[in-house]
1. Give the ranking of Leu792, Leu644 by solvent-accessible surface, highest area first, calculated with a 1.4 Å probe.
2. Enter the angle in degrees (range 0 to 90, nearest 10) between the Cα long axis of helix 505-521 and the first principal axis of the Cα atoms of the chain, meaning the one along which they spread out most.
3. Would you calculate the separation in nanometres between label points at Glu521 and Thr754, each defined as 7 Å from the Cα along the Cα-to-beta-carbon direction?
4. Show which lysines lie in cross-link reach of Lys443 when reach means a straight Cα distance below 16 angstrom and same-chain residues fewer than eight apart are skipped.
5. Summing -39500 (n - 2.57) over the DSSP H runs of n ≥ 4 in the chain and dividing by its residue number, what mean residue ellipticity at 222 nm do you reach, to the nearest 500 deg cm²/dmol?
6. How far is helix 210-228 tilted off the main Cα axis of the chain, in degrees rounded to 10, range 0 to 90?
7. Determine the percent antiparallel among the DSSP beta bridges restricted to the range 100-218, to the nearest 5.
8. Could you tell me which of rounded, prolate or oblate describes the range 667-794, using a ≥ b ≥ c as the square roots of the eigenvalues of the alpha-carbon gyration tensor, with rounded for a/c under 1.5 and, failing that, prolate when a/b is larger than b/c and oblate otherwise?
Amino acid sequence: MNPIKRVAVLGSGVMGGTIAAHLANAGLDVLLLDVVPREPTEEEKAAGLGLADRAVRDRIAAGGRAALERMKPAPLFLPENLARIAVGNLEDDLPRLRDCDWVVEVVVENMAVKKVLLGEKVAPHLAPNAVLSTNTSGLSVNEMAEALPEGIRRRFLVTHFFNPPRYMRLVEIVSSRYTDPAVAEGMADFLRRRLGKGIVYGKDTPNFVANRIGVFAICSAVRHMLDLGMTVEEVDAVAGPATARPRSAVFRTADLVGIDTLLHVADNSWQLLQQDEQREAFRLPEFFREMVARKQLGNKTKGGFFRRSKEEGAPALYLDVKTGEYLPGARPRFPSVEATKGVDDPAERIRKVLAGGDKAAQHAWRNLRDVLLYSFRRIPEIADDVVNVDAAMRWGFNWELGPFEMLDAIGVPEFVRRAEADGVAIPEGLRRVERFYDASGGKPRYHCLATGTWRDVPRPPGQIDLGLLAKAGGVVDRNPGASVLDLGDGVFCLEFHTKMNAIGLDVLEMVHRALARAEREGQGLVIANQGPAFSAGANLMLLAVAIGERAFDDVALTVAAFQKATMALKYAPLPVVAAPHALALGGGCEVCLHADALNPLAETYMGLVEIGVGLLPAGGGTKEMALRAMRVAEQFDTDVSPFLFENFRTIAMAKVSGSADELRKLGFMRHGDAVTMSPDRLVQDAKAKVLALATNYRPSSPATDLRAPGRSVAASLWTSLWNMRAGGFITEYEEKLGRTIASVISGGDVPGGTAVTEQWFLDLEREAFLSLCGEPKTMERIQHMLKKGKPLRN
C-alpha cells in the first residue's frame, strides 16, 4: 500500500466533516466533496449567482467545512487546521480523486445510493493504488464490493469511525471477500499510527461489532427497566461507572446518539437479523416512536430522556416513559451503587453491585447477564475472538471493561451458576471456560473459543504497556506513590500511581530516586503514567488539612520539596522527557515544564490552574514562565513585556490547552518537541526521544544571569487588573491573586534589570504561595473545589 498523504472525504455532513477535520489534525491534505445543491438560495439569487457558479455548486461542502469551526466539542486541534481542507462537489471534482491516496465515502446510509456513487461515479477516477473505503455503520461490504470494478475490489473495505472521530478511539475495519489482506493491515497500521485509532476487525454482519453489542445492551436495559418498574434516572444511576460503563450510562447515551438514530439501528437490526436468537430484543417499546414523533430526539433537540432544568443547580428533568411528561430529577441512591463509591477497580465495582439486593442490583444483574451471554454467542459470527469484542466496547462505547473482561470480573463459573438459577439457557461452550484472560508473567493471553487454547493478545507495534511491564518484573523501585520501571536500552520510566496521579511527598521522593537510578545504570528518564490522567496536580486534600491545622511550616517544607524535585529534573545529568496525556494540571504541568523535552499525547489538556483554588504555581511553574519570557526577549534583543504579559495571562486566566497542539501557543512546548497521536506509542516515542537526546547530551546549570523585569512591569499588569475589576470582569479577590502572580513573575519589588537568579524566583513563588494559604478566601476556593470539582469565583 502506498503512503497516504492526501485523502478525499465524500460527504460533508457531521460525520464526513469531522472525519475530514481529524485527518487535517493529523497533518493530511483533505478534499471534502458533497452534492451540488438543487437550486441557489434566495441570498445567492440576490447576489446574481446561479447553479453554474462554483460558490453555489460547492456550497454544501463549504458549509460542512465552515461548521467545523463552531462545533462543540471541537473537532479540530487548532482552528488553522481548517486550511488543510479543500472543498468541491461530486459532479465537477471527481477527476481530483486521482490525486488522492485514500478515498473514504461518508454519504447517507442507503445501499442504493452508495453503490451508484462508488461503482459508477468514483471508481473511474481512482488512482491505480488508492484505497477506497466506506464509513457505513452496518451495511454489507460484500454487496457494495460487487458494485465495483474487479480491479478495485481488492482495495475496498469498511473503515467505520465512531462519532465524534477526534475523541472516539474506535475504527472498525471490515473486509469484503475480495479485500487484499495487505490493504486491510496497511490501513490498520495507518489508522493506529497516524490517527491514533484503536482497530477492531469485524465481520460482514449487520451493525458489525460495537453497535451490535451496544444497541442490544441498551434494548436489554430498557426491557428490564419496564419489568422492574424503574425510571430512566434510576437505571442510569446503576448502568454507568458502578457497572464499569460510562457516566452517560444508558439513557444519556441514547440522548447523545439521538433517539431517532437509536431507533433506526434497532429497527434495522430486527429486520436483518433473521437468525438471531435474540432478534425480538431489538424491538424497542412504542414510546421510542412517540418520542421521535414529538421531536424528543435527545441532545440535538435539547430534550430526550433528559432535559435541562430551568432552575440553576437543580438536577436534570427526566422523562416518565409512561406519561410522556418530564419530572424533576430525584438523584436516586441505592445501597448497591453507594458501595462502589471510591472504588477505583472497575471489576470490584461490578462485584459490589451484583452482591446487592436492591432494585438497582437486580437490574444490573439482568442486564449484564443478557449482554454477556449475547456477546458469547456472537463469536465467531461478528468477530473472530473475544479481544476484538472487548476492545470494540471499550473504544466505541467507553466501557471500562469489555463483555468478556466483565465475565472474568464476575467469575465465569459463578456467572454460569447464577444464570442457571434464573432458568436461562447457557451455551455449552461457556461451561468449559474458567476465564477468558490471563496475564501471568506479564504476557497477556486470551482463551480462543475456536480451539480451546490460549493465545497471545495481539499488541500494536511499538507499544509499551507500563502495567504489563510491571507484571513482568520491570519495576526496579517503588513506594506508595510512584514506581521506577526499566524500559530497556538504558532508559527508565518514572510512573505515578496515586488517585488521579496526584503529586505528594512519595512522588517527589521518587523523582530523586528515579534520577539516581537512571544516572547510575542508564542514560535517560521518561516520565509517563497510565490511567485517566497524567496528573491532576498536587494533593489538594492534604494541603487543605495542613492549612486547616495552620501547619504552615509543613506547607513550606512541601513546597520546597516540590521545587527541589522539579529543579532536579531540569538540571539532571541526563535527558528527561515528559510524556503527558489527558489531564496534566497544576503540579503535573510544572513537572512537564522542567523536562528537557515534551512528548505529549495529542489529547493532552495541560495548564497552570492553581488560581482556581486561590494559589499560584509554586513548584517552579511561575518561575519557568518568567524565565521563558526573559530568554525569548534576550534571543531577539527586545523588550520582555509582551512575552511576560502573555505568560502572565496563561497563569492568571488558568488557561488549559484544548489539545497538545495548543501547548505551543501557551508557551509550554518548545522547538523540537513532538506530539504522539496513538496512546499505544506514547511511551515508546518518549523513550526514543530520550535516546536521541542522550547521544550528545550536555546538562546545564541553574540560571544566575537573569535580569528581573521588575516593579514597573508588575505595575503595568496591576493597572490591567484594576481595569478588569472596574469593568466587572474579575472579583476583588481575583485582582489580589493576579497582583500576587504579577509580582512574582516580574521578579518582585526591584528595579527593572536587577540581577537575580533562578532561585530568587523560586523563593518568591514559595513566599507568595504561603501568604495565599493564609487567606480565608483561598481556603473557600480549595474547599469548593474538593466538594464540587469546579472553581469558585469569590
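1. Values: Leu792 45, Leu644 0 Å².
Greatest to least solvent exposure: Leu792, Leu644.
2. Its long axis makes an angle of about 90 degrees.
3. My value for the distance between the label points is 4.7 nm.
4. Leaving aside lysines fewer than 8 places away in the same chain, those within reach of Lys443 are Lys471.
5. Working: 32 runs with 339 residues, N = 794.
For the chain, the value works out to -13000 deg cm²/dmol.
6. Helix 210-228 and the main axis of the chain meet at about 80 degrees.
7. On the way: 5 of 16 bridges.
Counting only bridges with both partners in the range 100-218, antiparallel ones make up about 30 percent.
8. Numbers: a/c = 2.34, a/b = 1.38, b/c = 1.69.
Cα axes put the range 667-794 in the oblate bin.
The values are calculated or read from the model by the stated rules, or taken from the named source; none is laboratory data. Remember, predicted model here, so these are calculated numbers, not experimental data. In this analysis, Cβ positions are derived from the backbone assuming ideal geometry, glycine residues included, and neighbour counts consider all displayed protein chains. What goes into the accessible areas is simple: the full protein's heavy atoms, side chains included, and nothing from ligands, DNA or RNA. Shrake-Rupley method; radii C 1.70, N 1.55, O 1.52, S 1.80 Å.
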